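Report on the structure given below.
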Amino acid sequence: MRSTLILPFLLSAANAQLNTLAVAAGLKYFGSATDNSELTDTAYVALLSDTTDFAQITPGNGQKWDSVEKSQGVFTFTKGDEITALAAKNSQLVRCHTLVWYSQLPSWVSGGTWTNETLQAVMKNHITETMTHYKGKCYAWDVVNEAFDDTSAAAFRNNVFYQAMGEDYIRIAFETARLADPDVKLYYNDYNIEYTGAKAANALTMIKKLVNGGTPIDGVGVQGHYIVGKMPTGSDITKNLEAYTALGLEVAITELDIRMTLPSTAADLAQQSTDYATAVNACLNVANSGCVGITIWDFTDKYSWIPSVFSGQGAACLFDENLVKKPAYDGVVAALTAGKKSGSASPVVVATTVASSQSASSVVPVSSPVVATPVTSSAVVSSTIAIPTASGFTTSYIPAQTSSQAAVEPSVSSEIPSATSAGAPIATSEPVADEDDCE
Ligand code: G3I
């Protein structure tokens with residue numbers, strides 16, 4: 001009996017590819033971030049270019065302000081072009097990232113002395129030049145990124161744009177973007193806005209204001225940088241995403257990764273698999289296919305940003321450092337398969353007791369057989385592993401922060417991962433090119 005269950009799994013796992021399953025489940029794409037320095041790794045590029053897994057890519061750094069316009073008025077698109085060329089070669093969509101962000105700004109912007117008029121002109125020029133260059137090459141642009149801070153009030157981040165133009169910089173950025181390229185999707189992108197709290201409320205208020213005021217905006221991206229076992233519930237994510245789709249916008253998970261303390265244990269990897277499935281289900285469960293896609297923030301631990309920012313943490317991706325699929329990959333496959341909207345024909349039989357790769361290190365023992373609960377399909381099949389539902393987790397999310405930060409809702413505990421000084425979160429200070437939010 002066991003072999004009859006496992007055999008179909010082995011067959012399906014061989015063919016079980018993330019984008020293929022995502023599209024079958026009703027999404028537009030499943031994708032990954034990438035970065036220029038990784039593109040000399042031929043084994044990596046081969047996996048990234050497999051469009052049955054990744055039909056969309058995001059440049060992790062190559063289109064940011066400090067890469068594109070390091071000196072005022074001098075535009076260099078080399079890094080971004082390398083990514084968009086790869087995408088074109090592979091027929092992959094590109095989520096272009098990002099135009100107006102407090103981080104990774106060149107010092108002439110972050111340290112400049114500006115008036116509303118002078119910075120507005122600089123911002124408009126940056127948006128226009130960059131979007132004009134990439135016209136026709138992007139599925140979407142993250143026009144404004146992370147406009148709210150991480151204090152308990154979740155005020156507008158006091159960045160250089162806010163200081164010069166107030167919150168109006170956001171409206172101006174979107175209007176400029178639409179003029180530059182009327183065809184690309186224009187997104188607001190942020191983290192910690194997908195569970196109940198001040199940041200989610202303030203972001204929604206801002207987006208409503210933009211929509212009601214006729215500002216051209218098409219979508220909201222939630223990044224999804226989570227911690228194993230401590231992510232928001234799937235139902236909370238879905239509910240918050242639906243607040244945006246109710247406004248006529250599309251939504252997407254744009255930077256998903258789920259980190260853990262190193263060294264990882266089999267239990268951590270199993271929980272990570274569950275957590276990835278929760279995130280995927282949360283997107284699939286958004287009404288009327290409003291959640292259009294899922295992008296992971298690189299697919300391999302080999303190139304993840306996490307260890308350099310969160311000391312002692314890592315293993316956040318679907319593939320390990322040797323480019324071998326982890327149980328998390330199977331968790332995503334399981335969720336996408338269960339979420340398939342094309343009917344109840346395919347039973348979901350997934351076993352992480354059988355890793356999707358041959359790596360012994362990625363095998364996670366699962367002791368109790370459980371019943372799978374598909375998201376939208378009526379098929380329910382006894383299997384050798386839990387297929388998590390979107391709402392099956394109650395642990396609260398504990399965002400990373402430095403001790404200098406004010407409390408972050410919804411809960412703060414002593415289990416706060418430390419960030420390195422290089423990646424220290426900045427809730428109140430001036431933006432520095434290499435600093436990061438460390439959500
Ligand atoms: O380009 C320099 C290189 O010249 C230098 O030799 C090297 C030495 O450290 O640093 C290089 O810059 C690094 C850059 O990535 C490019 O690799 C920065 O130090 C490093 O801080 C930067 O990290 C990026 C981070 O954004 C910065 O905030 C990560 O790769 C990138 O994945 C991350 O992405 C952000 C999203 O854009 C927005 N949401 C959060 C997400 C994670 O922080």
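The values are calculated or read from the model by the stated rules, or taken from the named source; none is laboratory data. All values derive from a computational prediction rather than experimental measurement. Positions of Cβ are backbone-derived with ideal geometry, glycine not excepted, and every protein chain shown enters the neighbour counts.
The helices (runs of 4 or more DSSP H) falling completely within region 64-114 that include 2 or more residues that are surrounded by fewer than 17 Cβ atoms within 10 Å (Cβ to Cβ) and not aromatic (Phe, Trp, Tyr) map to 78-90.
Close Cβ contacts (under 6 Å, 6 or more residues apart or on different chains) running from residues in region 285-311 that are of a type in the set (S, T, N, Q) to residues that are part of a helix (DSSP H, G or I) and away from the ligand (no atom under 14 Å from the Cβ) comprise Asn285/Thr238. Pairs linking a residue in region 54-79 that is over 14 Å from Thr130 (Cβ atoms) to a residue that is polar (S, T, N, Q) and away from the ligand (no atom under 15 Å from the Cβ), with Cβ atoms under 7 Å and 6 or more positions apart or on different chains, are Phe54/Asn19; Phe54/Gln92; Ala55/Asn19; Ala55/Gln92; Gln56/Gln92; Ile57/Gln92. Looking across region 185-198, just one residue is surrounded by fewer than 22 Cβ atoms within 10 Å (Cβ to Cβ), within 18 Å of the chain's Cα centre (by Cα) and either free of Cβ contacts under 8 Å to residues at least 60 places away in the same chain or not in a loop (DSSP other than H, G, I, E, B) (or both), and that is Lys185.
Determine whether Gly26 is away from the ligand (no atom under 12 Å from the Cβ) and in a helix (DSSP H, G or I). Against the criterion (away from the ligand (no atom under 12 Å from the Cβ) and in a helix (DSSP H, G or I)), Gly26 does not qualify.
Per the listing Thr20, Thr113, the residue uniquely more than 16 Å from the ligand (Cβ to nearest atom) and within 20 Å of Ile296 (Cα to Cα) is Thr20. Under the condition of being basic (Lys, Arg) and in contact (Cβ under 8 Å) with a residue 40 or more places away in the chain, the residues counted in region 149-184 number 2. The set of residues in region 159-184 being surrounded by 20 or more Cβ atoms within 10 Å (Cβ to Cβ) and not in a helix (DSSP H, G or I) consists of Asn159, Asp181, Val184. Here the condition is being more than 16 Å from the ligand (Cβ to nearest atom), farther than 13 Å from Asp66 by Cα and within 18 Å of the chain's Cα centre (by Cα); of Gln120, Gln92, it holds for Gln92 alone. If you go through region 125-143 and keep only what is within 26 Å of the chain's Cα centre (by Cα) and surrounded by fewer than 18 Cβ atoms within 10 Å (Cβ to Cβ), you end up with Thr128, Glu129, Thr132, His133, Lys135, Gly136.
Residues of region 139-158 that are in contact with a helix residue (DSSP H, G or I) (Cβ under 8 Å, 6 or more places away or on another chain) and within 15 Å of the ligand (Cβ to nearest atom): Trp141, Val143, Val144, Ala147, Phe148, Asp150. Among residues of region 107-120 that are touching a residue at least 60 places away in the same chain (Cβ under 8 Å), those with a Cβ under 8 angstrom from a residue that is among the hydroxyl-bearing types (Ser, Thr, Tyr), sequence gap 6+ or separate chain, pair up as Ser110/Tyr102.
For Thr4, the stated conditions hold: it is polar (S, T, N, Q) and modelled with pLDDT under 95.
Quick one: Ala147 ticks every box in (1) over 13 Å from Met123 (Cα atoms); (2) surrounded by fewer than 23 Cβ atoms within 10 Å (Cβ to Cβ) bar one, so which box is it? The failed condition is (2). Is it true that Ala201 is surrounded by fewer than 17 Cβ atoms within 10 Å (Cβ to Cβ) and aliphatic (A, V, I, L, M)? Yes, satisfied. Considering region 30-63 alone, what residues qualify as being near the ligand (Cβ under 9 Å from one of its atoms) and part of a helix (DSSP H, G or I)? Answer for region 30-63, where residues must be near the ligand (Cβ under 9 Å from one of its atoms) and part of a helix (DSSP H, G or I): Asn36, Ser37.
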